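Just below is one structure, and these are the notes that go with it.
Every number here is computed from the coordinates shown, using simple stated rules; none is lab data. What you see is a predicted model, and the numbers here were worked out from it, not measured in a lab. Virtual Cβ from ideal backbone geometry, glycine too; neighbours counted across all protein chains shown.
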Amino acid sequence: MQARLVVQTYPSLRDAAALAVALAAGLALALLPLSTALVLVAGTGVLLAALVRPEVALWLLIFAVPFGGLRQWSLGGFNVTATEPLVAVLGVAWLAGMVRQRAIRFTFTPLLIALLLFLGALLLSLFDALSLSLSAKELLKWGEFLVVYVVVVHTVNGYTDYKERRQVAILLALVLLAGALEAAWGLYGSLQRLGPPSYAIVGGRLFRAFGTFGQPNPFGGYINLSLPLGLSLLIGQFADWRSRAPLHPRTLAILSACALLGLALILSWSRGAWLGAAVAVGVVVLAWGVALLWGARHNEQLRRAGERLLLVLLIVAIMGGTLVLAGAADLLPASVTSRLGSIGEQFGVFAVRTVKLTDENYAAVERMAHWQAALSMIQARPLLGYGIGNYPAAYPQYNLPGWEDPLGHAHNYYLNVAAETGLVGLAAYLLWLLLACAGAWMVAVRATSGLGRAVAIGVLGVLAAQTTHNVFDNLWVHSMAVQVALLLGLVYAVGQEPDGG
């Protein structure tokens, strides 16, 4: 569904805007401190480049997700990173491009409609919010998600020629590159034993990897925004050996990125991230198998690709079985076996007051204390909740004795969103999530190209990992929503290939 609005503009509008921005940059250098002026000049360069090519802002956003938090600015009580101005530049550049073309086109995808419904539920929760400033931060985050998704849908769609395919390939390569660089950063910190003493693992020989995220759990969550995608692209390379050697440079590059990401995930020591990755790998492998079998009904090449995939699955199953047997035979380090065995504790439900607190169960008891506080909030305000972003503000009314720190969220995004936006908000969120997964699956099954299928299945794996990890945490932090929005936009883009739906 598209709406078209004809807009008249002046041919020199872009030149006038560029001149105004250049003058502003000159004044900044003359009047402001050097560090501030340099930031503004760099921002000016990005703005000018994005006005000509909006995808430049998208490229930079991919790296701003993991690395933007290295430098923050305080603005009106908000901590601003590179992500916020880049999203603004992206939106302005997209709008300016449509005005320059004298036509505004807007496509309402089913996922966009569901997202707007969720945003409406967030706004409804403001009527009795405890703190509008806390709500504003969350609304800004989901507003950024909306902007990035809409721009990707409208600038990377079509997928009918080499230029479009190249644009998709560049974005995918940058996502894997940014993920690999963040993984390398985390691995360096682990090897150098950076972090507090509580991060020590494997007898103190290594520390938990946390990269630029400050904590291992969000670091592991970010790794899972790239690893399932890389795995799916790797399977796609194996399934498309018809015209390339097994050790094609592209295959080696993807394999190297996956190896870095996988090792970083292990050293994050995050049980939630491990569990999310396990679910994602299962989803990616199963989805590829089903998609290939579906296509093999009329395609002999896909049948052979399916046979190769079955061989890969057999190898993976043997490796997994070997790992399990090694753990049972005490051949793995005790710390690894203990960590894997403790994953089951994350699913336990118990009354916090009846449990004796120990070092071993502290994390599980702390998580359960926050779950029970969130459930109490839902019982008190079941319809619209306490206002989006207001879990920390409402927490003191419901915290259990000994657990006074709200920690920012409920350690379960589903309980968190229900406590803040009520059952209305939770239903809207689950509808959006369901449509996101269903849309990726539909594109995967109907795709006519290996790249389109790999992207759709990879993003489905990303959603599976995040959905699982969000049972124990809140991964809509550290600008990760921006990357999810970009990936979902790419699913729409590859779904527009000829005869691909």
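Points to keep in mind about this one:
- For Ala200, the amide hydrogen comes within under 5 Å of the amide hydrogens of Arg208, counting only partners 5 or more places away or on other chains and with H modelled in the peptide plane.
- Extension gain, Leu132-Ala173: 0.36 nm per intervening residue step, less the Cα-Cα distance, totals 10.9 nm.
- Look at Ile170, Ile254, Ile388, Ile457 and count the other Cβ atoms within 10 Å of each Cβ; fewest to most, that gives Ile170, Ile254, Ile388, Ile457.
- Sites Leu75 and Trp294, calculated FRET efficiency, Cβ-Cβ separation with R0 51 Å, nearest 0.05: 0.50
- Length added when fully stretched, Val52-Ala259, from 0.36 nm per residue minus Cα-Cα: 70.9 nm
- Peptides 415-422, 175-182 ranked from most to least packed, by the mean per-residue count of other Cβ atoms within 10 Å: 415-422, 175-182.
- Where chymotrypsin sites (Phe, Trp or Tyr not before Pro) fall in DSSP loop in segment 245-296, at most 15 other Cβ within 10 Å: none
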